[in-house]
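This report refers to the structure that appears directly beneath it.
The values are calculated or read from the model by the stated rules, or taken from the named source; none is laboratory data. Computed from a predicted model, the values in this text were never measured in an experiment. Here the Cβ is made from the backbone with ideal geometry for all residues, glycine too, and neighbour counts use every protein chain on show.
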Amino acid sequence: MEELRLYPVGHIRREGKRVFVEILPSYRPALKGIEEYEYLYLLWWFDQSQDPHSRERLLVKTPHAHAPQRLGVFATRTPHRPNPIALDVVKVYWVNHGKGLLRIDQSDAWDGTPVLDIKPYVPGCDRVERAGTPAWHQGWAQSRAEKTK
């Protein structure tokens, strides 16, 4: 099996309900220009789900009321996956370049979770108009704005 190496660029930090991304000192120059984006993709490691059993699970029970009882992990957002990589779209409130801190609106990650990468969300490249989803998923929020109401 081919081995890949990943290195965290920072970690999630939580202070009560406030969520931050703390970038490691050696990666702080990579923040240049990031404050010009309102939203970012945050890729992080599901470090609480990296045991061999979680990584070997290919089918999971679904929490959705009208979904099939079991789905393949690639059809879900479960933390149990061959490579426990998570993706959030986050709103950026502010950036402190000197301290390597980004204040973000939310993340499912725990305090101390390793952050693998950050990428800008660019609507012209990333937004998909009328993206199709399974019928059982139709009752869910159709946008971030609707989700956070």
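Looking across the range 39-67, the residues that are in contact (Cβ under 8 Å) with a residue 40 or more places away in the chain and either surrounded by 12 or more Cβ atoms within 10 Å (Cβ to Cβ) or of a type in the set (Val, Ile, Thr) (or both) come down to 39, 40, 41, 42, 43, 44, 45, 46, 47, 48, 64, 67.
Just so you know, in the range 124-149 the residues that are within 19 Å of residue 39 (Cα to Cα) and basic (Lys, Arg) include one that is modelled with the highest pLDDT, and it is 127. Of all residues in the range 70-95, those being modelled with pLDDT under 90, exposed (fewer than 15 other Cβ atoms within 10 Å of the Cβ) and touching a strand residue (DSSP E or B) at 6+ places or on another chain (Cβ under 7 Å) number 0.
Residue 8 meets the conditions (1) surrounded by 16 or more Cβ atoms within 10 Å (Cβ to Cβ); (2) touching a Phe, Trp or Tyr at 6+ places or on another chain (Cβ under 9 Å); (3) in a strand (DSSP E or B) in every case but one. The failed one is (3). When the range 96-142 is limited to residues that are among the hydrophobic types (A, V, I, L, M, F, W, C) and in a loop (DSSP other than H, G, I, E, B), the one that is surrounded by the most Cβ atoms within 10 Å (Cβ to Cβ) turns out to be 109.
Which residues, taken from the range 24-74, are small (Gly, Ala, Ser) and assigned to a strand (DSSP E or B)? Result: 72, single match.
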